[in-house]
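Only one structure is covered here, and it is reproduced in the block below.
The values are calculated or read from the model by the stated rules, or taken from the named source; none is laboratory data. Since this is a predicted model, take the numbers as computed values, not measurements. Cβ placement follows ideal geometry from the backbone for every residue including glycine, while neighbour counts extend to all protein chains displayed. Areas reflect the complete protein model, heavy atoms only, side chains present, ligands, DNA and RNA absent. Shrake-Rupley method; radii C 1.70, N 1.55, O 1.52, S 1.80 Å.
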Amino acid sequence: MAGAAECGGGSVALVELSRVERDMEIAAIRRLLHDKLGAAVGVVEEGPHYESIRIDDDAVERAAMLLRDTPELRFDCLSNLSGCDYPGRGAIDIVYDLYSYEFDRSLVLRVSTRRGDPLVDSVERVWPAANWLEREVFDLLGVRFRGHSDLRRILLPEDWVGHPLRKDYVEPEQYHGISTVRESMLGIRSGS
Amino acid sequence: MSVEIEFTDDHGSAGGFATEEMTLNMGPQHPSTHGVLRFVVKADGEVMRRAVPDVGYLHRSIEKIAEKVGWHGFMPYTDRVDYVAAMTCNQAWAMAAESLGGVEVPRRAEYCRVIAAELGRICSHLLAFGAMGMDIGAFTPFTHAIREREMINDLLEELCGARLTFNYLRIGGVAWDLPPDYAHKVLRFLDRFIPLVDEFDDLLSNNKIYIERLADVAVISPEMAIAYNLVGPNLRASGVDYDLRRDRPYSVYPDFDFTVPVGKGTWGSVGDCWERYIVRLHEMRESAKIVRQALEGLPGGPVIAKVRRNFKPPAGEVHIRVETPRGDQSWYVVSDGSERPYRVHIRTGSFSAMSIIESLSNGLMIADLVALIASLDVVAPEVDR
Amino acid sequence: MSLVNSVPEMVLTTKVDQLLNWTRKSSLWYMLFGLACCAIELMQTGGPRADLDRFGMAPRATPRTSDLMIVAGTLTLKMALRTKLLYEQMPEPKYVVSMGSCSNCGGLFQLAYSVCDGVDKVIPVDVYVPGCPPRPEALTDGLILLQKKMSEEKWLVRPSAEEAALLS
């Protein structure tokens, strides 16, 4: 264990190096997708912590198929699929966190869809893991997925009204006669 | 006297022995569903055609609460994402906030985190071991597991004051330093505990009935495991040698020397229920090794960095992946620069493990479903959040 | 035919009541109703250290054979409807222990949109055990309280509705 305390500085340099490599990779991946799918593939978006490739909502499945099946990429795992509501710009973003076990490489795809009528291609046929993840996004954010085999609520009861992770969601006063409000001793109204 | 029974595939056909597919409800209150999970089972006699999981009975809207309570205030809620292994969830949240806010964690704090997390991992695997035995029909291993779990609970209680929902980690470090003489107590426990793991092997792992119930049942191939995003011990049991602690190291895991147990197909095939069970048992030994090394190499210094009470990380988003006892937990956290997170999404190991059950269920016996759920070590709050 | 209220109150009936109560409180079978975090502490309470067996308590898998429902954990609205159903399936006399802050009042999850703030909104509760989660000792204490309550009940001679109103 001697010298364990000194290796902190070294690991930071290592992270910086892999970050540079990753930048080159993501540009190359974007070029590859752009060659096949054309204008549906948007720009590489810089973020403080990682970069992502923007894709049109009707090209996700084709892009996903390419990313999974291209021998140099082999993104065989959909690690995470999250949705996030941005009422300010009238959009819901779906973020795909892909991972390749073969090359130990991550990639983030980002799809924007209109908040009024959110509709995105399903990637269930590419990664079966997307089945439940897309159902969750449908349940909590109300995004519909084109081509999903079984799109219904997963966490909330079937007769629930609304999609709670939307920013303008109003919590219900009662559910089947059970009131959802309890006067708190601290004077904070629950559910507010 | 013998009766000839002819099985037919088409229901209620003339001649032969007419069979009918029936729909059974299992759960949400069921002793072997590990919390409130429900299955709608379509079965033909004892053989299942399909088991459709119905989850959400413990959906506590943790992700929405994150948007209400602020960065520090969300820490106790992360305990309840996976209450069987609360430390690792604490760690994921702390890492997400630190990564967004650019907080540097003192080295001693990282060591404290690792010690706590690995003790928590042993705790969690002990419960998986005990519950699995009980689900298969052996009650005694459960009492053994709970007895040892109480010992770790005592150790963790001494560390942070809670037995189950620890709330030990803080953004920037840990809440308290190790109590006096802690290393000695933990080492004394480990010296006693590790020989007991071998005893568990004698007691349960190599029991003939146990093997018959689990070997070659519900085999998951490595390709299928990756496609369904199975993670952690479930993935390793399928033969994929992958552990975030070693392959995408975070915290101070690179300092430690440990091996990653992988399914070998000892009694049946790689990826069967028995392999998923034994990988967890081996992981307890490895976690004990890590705890030992961490206690020996514990550096001095502070245990928490200076973090403002009104913590406001700059706008941005991160993906954090942490190896919990139920595998790679992936956190997607968005900050808009305010004092509350803008969005938190948690993809947990149990969630993906539940999603694979439906495609595995065809042809299994109903009793095998219980074995399958137990071997995947599904915990309801992790599925529902 | 029920024995309840069938004989006048006297020393004998009081003694028989005591005997009945003693037998019932000494074999409280509880339904496994672990909902969330508290379920783990409930399991540990049933484990070797706290050992519920010494009170004659045994876990049961079905409501039909249990006397006691320990609601251990957060009750979501989706589960609340089922909880009512399960409670109705239990045979009389039945008791409910609400274990932990969540089932007492919603606890930490009062802020949630999908959680029923307190199991007493759905079914009647006999004993509330505070804690998040309560330690095995706390739960044991709650169960001893319940036993005390049970040992004071009258079965052969119950006060009539008017008498009960007067008493309260």
Quiz item: Considering every residue in A:163-171, what mean count of other chain Cβ atoms within 10 Å of its Cβ is obtained?
Solution: 3
Practice problem: Could you work out the local net charge near B:Met48, counting Lys and Arg as +1, Asp and Glu as -1, over the other residues with Cβ closer than 12 Å to its Cβ? | Solution: -2
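Expressed as a whole percent, how much of the Cα-Cα distance distribution for chain C exceeds 27 Å?
Numbers: 4209 of 14028 pairs.
Within chain C, distances greater than 27 Å cover 30 percent of Cα pairs.
Counting only Cα atoms, I'd like the Rg/Rh figure for segment B:51-136, Kirkwood definition for Rh.
Numbers: Rg = 15.8 Å, Rh = 15.0 Å.
Rg/Rh for segment B:51-136 comes to 1.06.
In chain B, which helices (entire DSSP H runs) extend 27 Å or more along their own long axis, judged by Cα positions, while averaging at least -0.5 on the Kyte-Doolittle scale? Walk me through the numbers on the way to the answer.
On the way: long enough: B:107-136 (43 Å, 0.49); B:140-160 (30 Å, -0.32); B:273-296 (36 Å, -0.53).
Span-like helices, by this rule, are B:107-136, B:140-160.
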Quiz item: To the nearest 10 square angstrom, how much accessible area does B:Val279 have with a 1.4 angstrom probe?
Solution: 0
Exercise. Compute the signed sum of charges (Lys and Arg +1, Asp and Glu -1) over the other residues within less than 9 Å, Cβ to Cβ, of B:Val105.
Key: -1
Quiz item: For chain B, what are the per-bin percents of Cα-Cα distances with bins 20 Å wide, up to the bin holding the maximum?
Solution: 28, 55, 15, 3, 0
Quiz item: Once Lys and Arg get +1 and Asp and Glu get -1 on their Cβ, which of B:Val114, B:Gly133, B:Gly70 lies farthest toward the positive end of the dipole of segment B:62-384?
Solution: B:Gly70
Quiz item: If the cut-off is 19 Å between C-alpha atoms, which lysines fall inside it for C:Lys121, apart from same-chain ones fewer than 8 positions away?
Solution: C:Lys78, C:Lys84, C:Lys94
Quiz item: To the nearest 10 degrees, how steeply does helix C:77-89 sit against the main Cα axis of chain C, on a 0 to 90 scale?
Solution: 20
Exercise. Leaving ligands, DNA and RNA out of it, work out the accessible area of C:Ser151 with a 1.4 Å probe and give it in Å² to the nearest 10.
Key: 50
Quiz item: What does the charge count near C:Pro136 come to, summing +1 for each Lys or Arg and -1 for each Asp or Glu among other residues with Cβ under 14 Å from its Cβ?
Solution: -2
Quiz item: Can you list, bin by bin at 10 Å, the percent of alpha carbon pairs in segment A:14-169, starting at 0?
Solution: 11, 40, 33, 14, 2, 0
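Could you tell me the ratio Rg/Rh of the protein assembly as shown? Both radii from Cα atoms, Rh via Kirkwood. Present the calculation step by step, with values, prior to reporting the outcome.
Details: Rg = 26.9 Å, Rh = 27.4 Å.
My calculation of the ratio gives 0.98.
What is the magnitude of the charge dipole of the protein assembly as shown about its Cα centre, with +1 placed on the Cβ of each Lys and Arg, -1 on the Cβ of each Asp and Glu, and no other charges, expressed in debye to the nearest 20?
Working: 82 positive and 104 negative charges, 352 e Å.
Approximately 1700 debye in magnitude.
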Quiz item: For peptide A:151-162, how many partner chain Cβ atoms fall within 10 Å of a residue's Cβ, on average?
Solution: 4
Exercise. Using a 1.4 Å probe over the heavy atoms of the protein chains, calculate the carbon and sulfur portion of the accessible area of the protein assembly as shown as a whole percent.
Key: 56
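Counting only other chains, what is the mean number of Cβ atoms within 10 angstrom of the Cβ of each residue in peptide A:100-106? If you can, show how the numbers build up before the last one.
Numbers: counts 1, 8, 1, 0, 3, 0, 3.
Across A:100-106, the average partner-chain Cβ count within 10 Å equals 2.
Quick check of the Kirkwood formula: for segment B:270-385, what is the inverse mean of 1/r over all pairs of different Cα atoms, in Å?
Values: mean 1/r = 0.0562 Å⁻¹.
Kirkwood radius, segment B:270-385: 17.8 Å.
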Quiz item: Do any trypsin sites (Lys or Arg not before Pro) in segment B:190-235 lie in a DSSP loop with no more than 15 other beta carbon atoms within 10 Å, and if so, which?
Solution: none
